[in-house]
Amino acid sequence: MRILLTAINAKYIHSNLAVYSLKSYAKKHGVSVDLAEYTINHQLDAILEQLYRRKPDVLAFSCYIWNIEYVKELAEEFHRICPEVPIWVGGPEVSFETSAFLRDNPAITGILIGEGEATFLKLCQYYEQAGADNRTEAGDQNCAGESGAAVSLDQIFGIAYRKETGEICHTPMRSLMDLDEIPFCYDEIADFANRIIYYESSRGCPYSCSYCLSSVDKKLRFRSLELVLPELQFFMDQAVPQVKFVDRTFNCKHDHAMAIWQYLAEHDNGITNFHFEISADLLTQEEIDLVKTMRPGLIQFEIGVQTVNGKTIQEIHRSMDLAQLENRVAQVWEGKNIHQHLDLIAGLPYEDFESFKHSFDVVYRMRPQQLQLGFLKVLKGSYMFAHAKEYGLSYRRKPPYEVMATNWISYEEILHLKLVEEVLELHYNSGQFVRSLALLEQVFESPFSLYWQLGLFYQKQGYRGQNYSRMRRSEIFLEFALSVDPTRKELYLQALTFDLYARENVKSRPTWLAGEAEIDKKAQLRFLRSKDKDKKYCHLEYFTADFLQEPGLFAKARMVSTHDRAPSKVGDPGAWVLFDYENRDVMTNEAAVFVLTDSLACEKQKA
């Protein structure tokens, strides 16, 4: 009996924890399962051919919001060529509204609902036994429980399926598992070098946020530290680049979080990064003191702020102390060693356009390394889905089910926020315009107004949706900056130059530096040799005293390297700055930056 478990990932770099976990649990109980992993970027015909050539007796798919349409089409086509092969699906995207899903997708045999390991094992055992006995489904029997191998599908808890008559049946829900029963699922994976590894040390969530499916599972369960810590050591021994914990609120249990963070700090391999979704307002002083001692880049935090509107927070059943959250984010930032990713959700109840602008400004001023502006997804099974009519939610009926309008925000305003999201990603989250943005922020009354106007500029000039080079993005930024602040052109030119060379040792000088001062190549070579530096990994550029002493410019740009500090006084008319690409800041990937006073570096010529 060949059972083929298939994952369609969003990107190659992602791994699929669900299918690995199902396979390892089945193997623990003596059932062999094959795996097939693809991405949504693969051609459907190519996957179809490969699945066909593997000749499965049972085909199963792991379903998520990003792959469900792909899976449905693939299942339909596979059923046409192999109608005798049962096709099963599982995952959060198909665990709700199951009858409707089966009616709409006649190629699908059944659905594994909710937590899947034990259910999948029972399903595999049923098909193995059925194959051995050469018997068909005894679908007319009443559910008799799960003692021993199931002789019919209706004896398997936690599924919905279609009988041969077409009738759709549901079995009782399965009890939740003890996480210690699930074996470690990565010990047979060969290629870690180019993959992000997903890992869970707990399931369930203590909160009831109305937009989130994690709130459906109220029973919070933890994997024993006696298992977790050696598994984390395995990842470090394999030099895995990044491990993402999928725990919904990792720090909801203090002793659990502390034990893991303490272990990582003590066993850091200098390579692996660990990603945690946390509630910042739950961080204790003890936890903050600990994480501040860690190697820069060892861990990173994703923090869901979502909104600062008090009425909205209450309506979505969210528990959050905003003042405490701001305080904790600031404390973590002071350590300059932990990347913080803060999230906002547009389209929540009672959040109108003006309210969201305020939420954006408050979170932006916390200066996270990443600020994600997301849009409410009305997920099947969530409280928000059940109350969509009450909130006037107009949303896309196909994935990703994004909100288009509510009782409080119009579609036109959502489109404005889409503009903001686009330019925020390009200019802030890219980390490529740190000082240029710090300079431009001085012109606008609020951060939101800057990105809104920048988005409108992109739209008016026809720049949206274009895959421009870094250099061209800089030129567009300059074009916009001069349209709102034409008197400080020289400062913007230098800020863009500094930002460019801080990240890249570009071969060609930017167009805006045509005719500007450039160091004499012989003088540059003499200077670098005197400092034991290789020209391939360094760049020297001239900046004026006005730029290097611009009030607050470097202090305000929080994502800069710790080496990037302009002196309090620079000799007139300016100074040469050395960008050292062999010594990059692990938090920002920026070159180490030094302002020079050495006479060998001060010889220049016109380009």
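The values are calculated or read from the model by the stated rules, or taken from the named source; none is laboratory data. Bear in mind the structure is a predicted one, so any value in this text is a computation, not a measurement. FYI the Cβ positions are ideal-geometry reconstructions off the backbone, even for glycines, and counts take in every protein chain you see.
So which of E277, E266, E302, E231 ends up being under 27 Å from I189 (Cα atoms) and free of Cβ contacts under 8 Å to residues at least 24 places away in the same chain? Please lay out each step first, then the result.
Values: E277 fails: free of Cβ contacts under 8 Å to residues at least 24 places away in the same chain; E302 fails: free of Cβ contacts under 8 Å to residues at least 24 places away in the same chain; E231 fails: free of Cβ contacts under 8 Å to residues at least 24 places away in the same chain.
Result of the check over E277, E266, E302, E231: E266.
Yes or no: S32 within 26 Å of I182 (Cα to Cα), polar (S, T, N, Q) and surrounded by 14 or more Cβ atoms within 10 Å (Cβ to Cβ)? If you could, list the steps in order and put the result at the bottom.
On the way: within 26 Å of I182 (Cα to Cα): yes; polar (S, T, N, Q): yes; surrounded by 14 or more Cβ atoms within 10 Å (Cβ to Cβ): no.
In short, no.
Residues to consider are K389, K460; find the one that is over 21 Å from the mean Cα position of the chain (by Cα), surrounded by fewer than 16 Cβ atoms within 10 Å (Cβ to Cβ) and in the same structural domain as H339 (by TED's automatic domain parsing). Don't jump to the end; show me each part of the working.
Numbers: K460 fails: in the same structural domain as H339 (by TED's automatic domain parsing).
K389 is the lone residue from the list that is over 21 Å from the mean Cα position of the chain (by Cα), surrounded by fewer than 16 Cβ atoms within 10 Å (Cβ to Cβ) and in the same structural domain as H339 (by TED's automatic domain parsing).
For E49, indicate whether it is over 14 Å from T109 (Cα atoms), acidic (D, E) and not in a loop (DSSP other than H, G, I, E, B). Before the answer, list the steps.
Details: over 14 Å from T109 (Cα atoms): yes; acidic (D, E): yes; not in a loop (DSSP other than H, G, I, E, B): yes.
Judged against the criteria, E49 is a match.
Here are some residues: R223, R203. Which one is in contact (Cβ under 8 Å) with a residue 60 or more places away in the chain and not acidic (D, E)? Give the derivation first.
Details: R223 fails: in contact (Cβ under 8 Å) with a residue 60 or more places away in the chain.
Criteria check complete, one pass: R203.
Just one of (1) in a loop (DSSP other than H, G, I, E, B); (2) modelled with pLDDT of 95 or more; (3) out of contact with any helix residue (DSSP H, G or I) (no Cβ under 9 Å at 6 or more places or on another chain) trips up I409, so point out which.
(3)
Please specify each residue of the range 417-438 satisfying the condition of being part of a helix (DSSP H, G or I), under 18 Å from G465 (Cα atoms) and of a type outside the set (K, R). Let's see the steps before the verdict.
The initial filter retains those residues of the range 417-438 that are part of a helix (DSSP H, G or I), namely 417-429, 434-438.
Filter once more, keeping what is under 18 Å from G465 (Cα atoms): 417-429.
Residues satisfying the conditions are L417, L419, V420, E421, E422, V423, L424, E425, L426, H427, Y428, N429.
Confirm whether L373 is in contact with a Leu (Cβ under 6 Å, 6 or more places away or on another chain), outside any strand (DSSP E or B), of a type in the set (A, V, I, L, M, F, W, C) and surrounded by 17 or more Cβ atoms within 10 Å (Cβ to Cβ). Don't jump to the end; show me each part of the working.
Working: in contact with a Leu (Cβ under 6 Å, 6 or more places away or on another chain): yes; outside any strand (DSSP E or B): no; of a type in the set (A, V, I, L, M, F, W, C): yes; surrounded by 17 or more Cβ atoms within 10 Å (Cβ to Cβ): yes.
It is false that L373 is in contact with a Leu (Cβ under 6 Å, 6 or more places away or on another chain), outside any strand (DSSP E or B), of a type in the set (A, V, I, L, M, F, W, C) and surrounded by 17 or more Cβ atoms within 10 Å (Cβ to Cβ).
Name the strands (runs of 3 or more DSSP E) wholly inside the range 539-607 in which the number of residues that are at pLDDT below 65 and surrounded by 14 or more Cβ atoms within 10 Å (Cβ to Cβ) is 1 or more. Steps first, answer last, please.
Working: elements: 574-584, 591-596, 604-606.
Output list reads 604-606.
Pairs under 6 Å by beta carbon, first residue farther than 17 Å from R2 by Cα in the range 22-44, partner of a type in the set (S, T, Y), six or more apart or different chains?
Between residues of the range 22-44 that are farther than 17 Å from R2 by Cα and residues that are of a type in the set (S, T, Y), the close pairs are T39/Y12; I40/Y70.
Determine which single condition G166 fails, assuming it passes every other condition in (1) surrounded by fewer than 16 Cβ atoms within 10 Å (Cβ to Cβ); (2) not assigned by TED's automatic domain parsing to the domain that holds L102.
Exception for G166: condition (2).
Which residues, counting only those in the range 267-314, are in contact with a Lys or Arg (Cβ under 6 Å, 6 or more places away or on another chain) and assigned to a loop (DSSP other than H, G, I, E, B)?
Correct list: D268, L283.
Taking the range 474-500, which residues are within 27 Å of the chain's Cα centre (by Cα) and within 22 Å of Y581 (Cα to Cα)?
Applying the first criterion (within 27 Å of the chain's Cα centre (by Cα)) to the range 474-500 yields 474, 477, 499-500.
Of everything in the range 474-500, those that are within 27 Å of the chain's Cα centre (by Cα) and within 22 Å of Y581 (Cα to Cα) turn out to be S474, D499, L500.
Go through the range 376-386 residue by residue and tally those that are crowded, with 20+ Cβ neighbours inside 10 Å and not in a loop (DSSP other than H, G, I, E, B).
Total satisfying the criteria: 2.
Hey, among the residues in the range 99-128 that are within 31 Å of the chain's Cα centre (by Cα), part of a loop (DSSP other than H, G, I, E, B) and among the small types (G, A, S), which one's surrounded by the most Cβ atoms within 10 Å (Cβ to Cβ)?
G116
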